[in-house]
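The values are calculated or read from the model by the stated rules, or taken from the named source; none is laboratory data. This one's a predicted model, so the numbers in the text were calculated from it and none came from an experiment. Here Cβ is always computed from backbone atoms with ideal geometry, including for glycine, and neighbour counts include all displayed protein chains. Just the protein is used for accessible areas: all its heavy atoms, side chains included, with ligands, DNA and RNA removed. Shrake-Rupley method; radii C 1.70, N 1.55, O 1.52, S 1.80 Å.
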Amino acid sequence: MNFSEVFKQSNQLCKVSPDGKYLATCVQYRLVVRDVKTLQILQLYTCLDQVVHMEWSSDSLFVLCAMYKRGLVQVWSLEQPDWYCKIDEGSIGLVSSRWSPDGRHILNTTEFHLRITVWSLCTKAVSYIKYPKACQKGMDFSRDGCYMALAERRDCRDYVSVFVCEDWHLLRHFETETQDMAGVEWSPNSCVLAVWDSCLEYKVLLYSLDGRLLSTYSAYEWSLGIKSLAWSPSSQFLAIGSYDEKVRILNHITWKKLTELDHPATISNTKAVSTLSNGQGWVPDSKSVYQLPVIKPDLDRANPKIGVSSMAFSSDNRYLATKNDSMASVVWVWDIQRLGLLAVLEQTSAVRCFQWDPRRPRLALCTGNAKLYLWSPAGCVSVTVPAEGGFQVLSLSWHCSGDSLILVGKDQLCLCYMETDNHDD
């Protein structure tokens, strides 16, 4: 592995363009765009205030910079550096700003979720969408970019509206059988919409594009329910992480439970356990029974540190990585073909972030120290980031090629280049 020099950034705002050619970073009120390969600065833009959100358009031609406290959004062009767009929401305020899939419309959510304003960069036309619900994931675009699902709340009831992104006309509008909808998420093949209830009621509803209820799933009642949800890339599996420290996997044919993945504190299959040894890498533990470190949550406080909060499928659908909050220093890797536990990766401190290589079954994770950790079916490795003065890796993201990683610290970033093997592709 090789590492780049360290660059400045603010608010952990650094993103690679969708085409993989550019790296955009924000430093206070400046937007810096670099060539990913050479890391030479291509463009430097000056915003009106410190940027708190930054996002590439789908075609990698524009960058959106949002300044929520001032109700401002600025859009910059890579092809025409002198051109820019400024959107001022004024006194109604701004809490969220994002691109539409076509990269030519911007959706701004106003303060108190009073409405969503859709701005067109091409025609300067403005559209308004009423009643957006403030929840965990209130808006989602289908992977093909054709549809937007929006959670709504009106007259003390939950609804979903499906819009056609081409002209923003309403395709479907239906009431959902939820007490307090927490989120909506399309399957990767854009055929099914998953809707789930707040943690107070365990309920997942699956709808077709035309608003038909395909299935309802509830694992239990009268206890804290769903904490996270993840589709497999093939859309064949839906994983549901719960406060009872289990993951339930539904199949796409009957929407019934395939299996239940438990996260016990004691592991009898110790060959699966890998612990950090001398700061160098993971080694299988040789104990007959292995006890994982557990943090006892305060159940009297809101959002207790218990339950499965993070899940991610590998790009080949073969593996699922999970994290149970009461064992924050452990990442679990499951073999989806065998529906069984494959590896338990125990760290010395809480895992901050983990993400699969988009091209290969390889998992990267970080814990807020100066190391990058990698797991693959072949084994594990940890590497120290060779930066002067120490570099604490707080988050990471893969380049779309899988050949490099962007490592993000408190106010710095660097790139980690993988040694590529052509046989992997």
Could you list, in sequence order, all residues of the stretch 146-159 that are of a type in the set (Lys, Arg) and either touching a Pro at 6+ places or on another chain (Cβ under 9 Å) or buried (at least 20 other Cβ atoms within 10 Å of the Cβ) (or both)?
Arg153
Out of the stretch 311-325, which residues are open to solvent by less than 40 Å² (accessible area, probe 1.4 Å) and within 21 Å of Tyr373 (Cβ to Cβ)?
Met311, Ala312, Phe313, Ser314, Tyr319, Leu320, Ala321, Thr322, Lys323, Asn324, Asp325
So is Gly93 more than 27 Å from Phe174 (Cβ to Cβ), open to solvent by less than 60 Å² (accessible area, probe 1.4 Å) and touching an Asp or Glu at 6+ places or on another chain (Cβ under 7 Å) or not?
yes
What are the pairs, 6+ residues apart or on separate chains, where a residue within the stretch 165-180 that is on the phi > 0 side of the Ramachandran plot has its Cβ under 9 Å from a residue that is part of a loop (DSSP other than H, G, I, E, B)?
Trp168/Ser100
Please state which of the following conditions Glu111 fails to meet, knowing it meets all the rest: (1) free of Cβ contacts under 8 Å to residues at least 60 places away in the same chain; (2) surrounded by 15 or more Cβ atoms within 10 Å (Cβ to Cβ); (3) closer than 30 Å to Trp196 by Cβ.
(2)
Filter the stretch 337-363 for residues that are in contact with a Phe, Trp or Tyr (Cβ under 7 Å, 6 or more places away or on another chain) and open to solvent by less than 10 Å² (accessible area, probe 1.4 Å) and give the result.
Ala343, Val344, Leu345, Asp357, Leu363
Subset of the stretch 404-422 [buried (at least 16 other Cβ atoms within 10 Å of the Cβ) and not aliphatic (A, V, I, L, M)]
Ser404, Gly409, Gln412, Cys414, Cys416
Reported set for the stretch 128-145 where residues are closer than 22 Å to Asp158 by Cα, more than 16 Å from the chain's Cα centre (by Cα) and open to solvent by 40 Å² or more (accessible area, probe 1.4 Å) is Tyr128, Lys130, Tyr131, Ala134
Just checking, does the stretch 288-305 include any residue being surrounded by fewer than 19 Cβ atoms within 10 Å (Cβ to Cβ), within 29 Å of Leu205 (Cα to Cα) and modelled with pLDDT of 95 or more?
no
What is the one condition in (1) farther than 24 Å from Tyr319 by Cα; (2) in contact with a Ser or Thr (Cβ under 8 Å, 6 or more places away or on another chain); (3) among the charged types (D, E, K, R) that Lys227 does not satisfy?
(1)
Quick check: is even one residue across the stretch 257-266 open to solvent by less than 20 Å² (accessible area, probe 1.4 Å) and either in a strand (DSSP E or B) or under 25 Å from Leu224 (Cβ atoms) (or both)?
yes
Extreme residue, surrounded by the most Cβ atoms within 10 Å (Cβ to Cβ), among residues of the stretch 58-82 that are without any contact (Cβ under 8 Å) to a residue 24 or more places away in the chain and in a loop (DSSP other than H, G, I, E, B)
Gly71
Of the residues in the stretch 9-32, how many are at positive phi and either open to solvent by less than 40 Å² (accessible area, probe 1.4 Å) or over 16 Å from the mean Cα position of the chain (by Cα) (or both)?
3
From Ser127, Ser190, which residue is farther than 23 Å from Gln236 by Cβ and among the polar types (S, T, N, Q)?
Ser127
For the stretch 160-250, which fully contained strands (runs of 3 or more DSSP E) count at least 1 residues that are surrounded by 18 or more Cβ atoms within 10 Å (Cβ to Cβ) and polar (S, T, N, Q)?
226-231, 237-242
Could you check the stretch 205-229 and list, in sequence order, the residues that are among the hydrophobic types (A, V, I, L, M, F, W, C) and touching a Lys or Arg at 6+ places or on another chain (Cβ under 9 Å)?
Leu209, Ala219, Ile226, Leu229
Given the criteria closer than 30 Å to Asp35 by Cβ and modelled with pLDDT of 95 or more, does Leu78 qualify?
yes
Go through the stretch 33-57 and report how many residues are open to solvent by 10 Å² or more (accessible area, probe 1.4 Å) and either on the phi > 0 side of the Ramachandran plot or assigned to a strand (DSSP E or B) (or both).
11
